[in-house]
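Here is the structure we will look at, set down as structure tokens.
The values are calculated or read from the model by the stated rules, or taken from the named source; none is laboratory data. Since the model is a prediction, treat every value here as computed from it, not as a measurement. Positions of Cβ are backbone-derived with ideal geometry, glycine not excepted, and every protein chain shown enters the neighbour counts. Note: accessible area is taken over every heavy atom of the protein model, side chains too, but ligands, DNA and RNA are not part of it. Shrake-Rupley method; radii C 1.70, N 1.55, O 1.52, S 1.80 Å.
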Amino acid sequence: MGEMVSVINTVDTSHEDMIHDAQMDYYGTRLATCSSDRSVKIFDVRNGGQILIADLRGHEGPVWQVAWAHPMYGNVLASCSYDRKVIIWKEENGTWEKTHEHTGHDSSVNSVCWAPHDYGLILACGSSDGAISLLTYSGLGQWEVKKINSAHTIGCNAVSWAPAVVPGSLIDQPSGQKPNYIKKFASGGCDNLIKLWKEEEDGQWKEEQKLEAHSDWVRDVAWAPSIGLPTSTIASCSQDGRVFIWTCDDASGNAWSPKLLHKFNDVVWHVSWSITANILAVSGGDNKVTLWKESVDGQWVCISDVNKGQGSVSTSVTEGQQNEQ
């Protein structure tokens, strides 16, 4: 298949320290970055340009992650930091302002992830204090908080929502019925576990499943977007250098089986799915990004690798992705 990835744009962020995360918005026109320099920056990257739109200051420590909300809620960005805070930023009339600050954690907040937009504006936050908090926008500037205490002993490193579809919905959804959404998300922690959480009918969150395969801290989890098939898929990566692909074929969501994608020689920090859920990007301690795809016989194969630049963010496109399905 050969080399299929090309770096199409490099953004010099002018961050004064290491960049920890970079996320494109829904339309791919804006890039948000965050850094140990305590700032969050937003760039307009249309037509290969890179115009700094906002330099957001409000955190008092390294900022680990940023997450864009769905544009139906306006231009909203969440960030989380070592300073124990989660900040929600919103653009009003061309100006970015802090709209909410969540200070309910006792230690570094390592991960933020917005729920599928169908549920409303809900943010999951995972912290080194072992807890996961869920912030729900209830209107008029108010956010309601639910907290799962002791979700992971010695800390939670990552949270990722399940897509808002009933698995297999394209196959057997009665027409005209409102789908029966069950809110679920995955988390990864310093207890080497991935846990799956489900909202009960009374609105409380309950641990549904523990997925065990890693032998060291789980650094990231990524629930794959659904393309309407009855299978659910989660990718996980760890300090142990391993990346697993977890699949569940039964509707109850109880029987998950892991498949080792690859064992790297160094920590693997992040895993991220393409929108069509058929390509997984993996970034590790060797400063490389590799792209993986499942072959017809169910094996995961590396289709490329990209060296990450120092102090800059590369946005790469996967060519031929649409016709390679």
Of 269, 256, the only residue that is farther than 22 Å from residue 65 by Cβ and among the aromatic types (Phe, Trp, Tyr) is 256
Check residue 151 against each of (1) closer than 30 Å to residue 239 by Cβ; (2) of a type in the set (A, V, I, L, M, F, W, C); (3) part of a strand (DSSP E or B) and name the one condition it does not meet.
(3)
What residue, among those in region 262-291 that are assigned to a strand (DSSP E or B) and among the hydroxyl-bearing types (Ser, Thr, Tyr), is surrounded by the fewest Cβ atoms within 10 Å (Cβ to Cβ)?
272
If the Cβ limit is 9 Å and pairs must be 6+ apart or interchain, which residue in region 39-66 that is in contact (Cβ under 8 Å) with a residue 60 or more places away in the chain pairs with which residue that is assigned to a strand (DSSP E or B) and open to solvent by 10 Å² or more (accessible area, probe 1.4 Å)?
45/9; 45/24; 45/30; 45/51; 45/315
Among the residues of region 163-184, is there at least one that is assigned to a loop (DSSP other than H, G, I, E, B), modelled with pLDDT under 95, in contact with a Phe, Trp or Tyr (Cβ under 6 Å, 6 or more places away or on another chain) and aliphatic (A, V, I, L, M)?
yes
Answer from 210, 259, 198 - the residue that is in contact with a strand residue (DSSP E or B) (Cβ under 7 Å, 6 or more places away or on another chain) and either farther than 21 Å from residue 115 by Cα or assigned to a loop (DSSP other than H, G, I, E, B) (or both):
259
Return the residue satisfying two criteria in turn: it lies in region 213-238 and is among the polar types (S, T, N, Q) and in a strand (DSSP E or B), and of such residues it is modelled with the lowest pLDDT.
232
Quick one: would you say residue 69 is farther than 20 Å from residue 283 by Cα and buried (at least 21 other Cβ atoms within 10 Å of the Cβ)?
yes
